[in-house]
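The values are calculated or read from the model by the stated rules, or taken from the named source; none is laboratory data. From a predicted model like this one, the values you see are computed outputs, not experimental measurements. Cβ coordinates were reconstructed from backbone atoms using ideal geometry, including for glycine residues, and neighbour counts include every protein chain displayed. Only protein heavy atoms, including side chains, enter the accessible area calculation; ligands, DNA and RNA are left aside. Shrake-Rupley method; radii C 1.70, N 1.55, O 1.52, S 1.80 Å.
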Amino acid sequence: MYDQNHLAHAISCASDGRHDATFLTDARNGKVTTYGDFWANAERMAAALVALGLKPGDRVAVQAPKEPAMLELYVGTVLAGGVFLPLNTAYTPDEVSYFLGDASPHVFVCDPPKLDALAHVAQNTGVGYVLTLGEGESGTLTAARDAQRAGFIAVPRAPLDLAAILYTSGTTGRSKGAMLTHRALASNSATLRDYWRFTNSDVLIHALPIFHTHGLFVATNVTLMAGGAAIFMPGFDAGAIIDAMPQATALMGVPTFYTRLLQDDRLAEASRNMRLFISGSAPLLADTHAQWQSVTGHAILERYGMTETNMNTSNPYEGERRAGTVGLPLPGVEVKVCDPETGRDLPTGGIGMLEVRGDNVFAGYWQMPEKTAEELRDDGWFITGDLAMIDADGYVTIVGRDKDLIITGGFNVYPKEVEGVIDDLPGVVESAVIGVPHPDFGEAVVAVVVAAPGASVDEDVIIDGMSHGLAKFKQPKRVIIVDALPRNTMGKVQKSIMRETYADLLMG
């Protein structure tokens, strides 16, 4: 259907000749999108983008609700030779301004209620065109799509041409745009389809966001590449997922999904038709793994990936799914553990920096050659920033990670960015942001703040002062006011001490 180097070719082959087969069923209203309808609309999206002057390599940014049309826009962008740039719907206008300014998209698509605030941001950052996509597929984007005809001829792309950019936070607080190629996305999706045994008989419960690699490039691409179907949900709803299980075969989720589903007494009966439960984006507690198996008879399959690499490892489909590990290297992916100081390979069982190499690895950071050189070696090895151990059987265990990173509900939060907002508030001398265990989100953001003498600073003041500048998932669940931050003899703030001190803060 499309050129073999093209991502669109890889994700369309399984549905060739199956135009009447179901691709998506909207969980809200039961509306069915067939493969024929989906690909026709994706081609119309491509034609609409080209009509707006989109050229190969131009970026298309989108911050919009989870709708089938957003998936059509993703594939349409790829067909048109563009680079898809999804943005978290929780990002504030201030945050969106950075992404638009950095990526310089030709087209920006936003939710209609946010148009007034974001149109000004887009104008100031030089965006060419602003369209809208809202709930129920309302807005000017679908109108532009429907004005075009299907049958768009895909713009030729080479394997190493960019298909998408996903932004991931950096330890300096400045977000980095991970450049993902046609080869990286296509190869990883094909590997996952085969490794997890997805076929056109599968029905995936799709409750993940599609601005994130998990929901977009894992859940969606694997379903397309297998020619399967998906029950398309606007977000996580435990009751809706339980209701969908008898008609489904697979679920992909973050650990929070599983902890909440375990609270539903109907889980054991509802899950009888399911064949596979996959977890990722944050560490899955061994206790959750054990509880799930006890209730459902299924062992959750935990895997490990990153924005920059898609998926790197997975527990096996057949074989032991070891709780507390992220499994074995995927076919075509190499992993090794190295001494963080010297870069030398460590022996089996040694704890060090995890590095990965394969076709799945990104092409570098957008407009950050120095940062790319720091993390992506000339020989293709990517330094993940995660501390890991590989045992004698090849199973990988993530034992730590970049000490500043917090993963809450599957989303990455880097303290430096949050600290910058807190430190700018009146009456704040300094702050330290840490992650502490949380029974639902895995980790939660906590801020430890030093106030100026006599300043009227308390928890409510800090939280209120952050409410407009940061996405909700980045905002602290608790704020602790202290006289001074713990430091070592060199004056460095000791976050490890604070993590120990407040480890039980939110577990009661």
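Being closer than 30 Å to Gln475 by Cβ and over 19 Å from the mean Cα position of the chain (by Cα) is a condition met by no residue of the stretch 334-353. Of all residues in the stretch 453-495, those being exposed (fewer than 12 other Cβ atoms within 10 Å of the Cβ) and not basic (Lys, Arg) number 13. Among residues of the stretch 287-300 that are within 12 Å of Gly324 (Cβ to Cβ), those with a beta-carbon under 8 Å from a residue that is open to solvent by 80 Å² or more (accessible area, probe 1.4 Å) and at pLDDT 95 or above at least six positions away or on a different chain give the pairs Ile300/Gln293. A residue that is in contact with a Leu (Cβ under 9 Å, 6 or more places away or on another chain), in contact (Cβ under 8 Å) with a residue 60 or more places away in the chain, over 22 Å from Leu185 (Cβ atoms) and assigned to a strand (DSSP E or B) cannot be found anywhere in the stretch 151-165.
One residue stands out among those in the stretch 326-347 that are of a type in the set (Val, Ile, Thr) and at pLDDT 95 or above: the one that is farthest from Ala163 (Cα to Cα), which is Val337. Against the conditions (1) outside any strand (DSSP E or B); (2) over 30 Å from Ala451 (Cα atoms); (3) free of Cβ contacts under 8 Å to residues at least 40 places away in the same chain, Gly385 satisfies every one except (1).
Checked against the criterion of being over 16 Å from the mean Cα position of the chain (by Cα), in a helix (DSSP H, G or I) and of a type in the set (A, V, I, L, M), the stretch 203-225 has at least one qualifying residue. Could you list, in sequence order, the residues of the stretch 253-287 that are open to solvent by less than 20 Å² (accessible area, probe 1.4 Å), in a loop (DSSP other than H, G, I, E, B) and modelled with pLDDT under 95? The answer is Val254, Gly280, Ala282, Leu284. Looking across Gly128, Gly177, Gly134, one residue alone is surrounded by fewer than 20 Cβ atoms within 10 Å (Cβ to Cβ), touching a residue at least 60 places away in the same chain (Cβ under 8 Å) and of a type outside the set (D, E, K, R). It is Gly128. Against the list (1) under 29 Å from Gly101 (Cα atoms); (2) open to solvent by less than 50 Å² (accessible area, probe 1.4 Å), the condition Gly358 fails is (1). For Val428, the conditions (1) under 30 Å from Ser97 (Cβ atoms); (2) surrounded by fewer than 19 Cβ atoms within 10 Å (Cβ to Cβ); (3) of a type in the set (A, V, I, L, M, F, W, C) are fulfilled apart from (2).
Does Thr313 meet the test of being surrounded by fewer than 23 Cβ atoms within 10 Å (Cβ to Cβ) and among the polar types (S, T, N, Q)? Spelling it out, it is not the case that Thr313 is surrounded by fewer than 23 Cβ atoms within 10 Å (Cβ to Cβ) and among the polar types (S, T, N, Q).
Taking the conditions exactly as written (touching a helix residue (DSSP H, G or I) at 6+ places or on another chain (Cβ under 8 Å), among the hydroxyl-bearing types (Ser, Thr, Tyr), modelled with pLDDT of 90 or more and within 26 Å of Tyr98 (Cα to Cα)), does Thr408 satisfy them or not? Against the criterion (touching a helix residue (DSSP H, G or I) at 6+ places or on another chain (Cβ under 8 Å), among the hydroxyl-bearing types (Ser, Thr, Tyr), modelled with pLDDT of 90 or more and within 26 Å of Tyr98 (Cα to Cα)), Thr408 qualifies. Listed by position, the strands (runs of 3 or more DSSP E) inside the stretch 1-120 whose residues that are in contact with a Leu (Cβ under 8 Å, 6 or more places away or on another chain) and buried (at least 21 other Cβ atoms within 10 Å of the Cβ) number at least 3 are 59-63, 83-86, 107-110. Within the stretch 351-382, the set of residues being touching a residue at least 24 places away in the same chain (Cβ under 8 Å), over 20 Å from Cys338 (Cα atoms) and charged (D, E, K, R) comprises Asp359 only.
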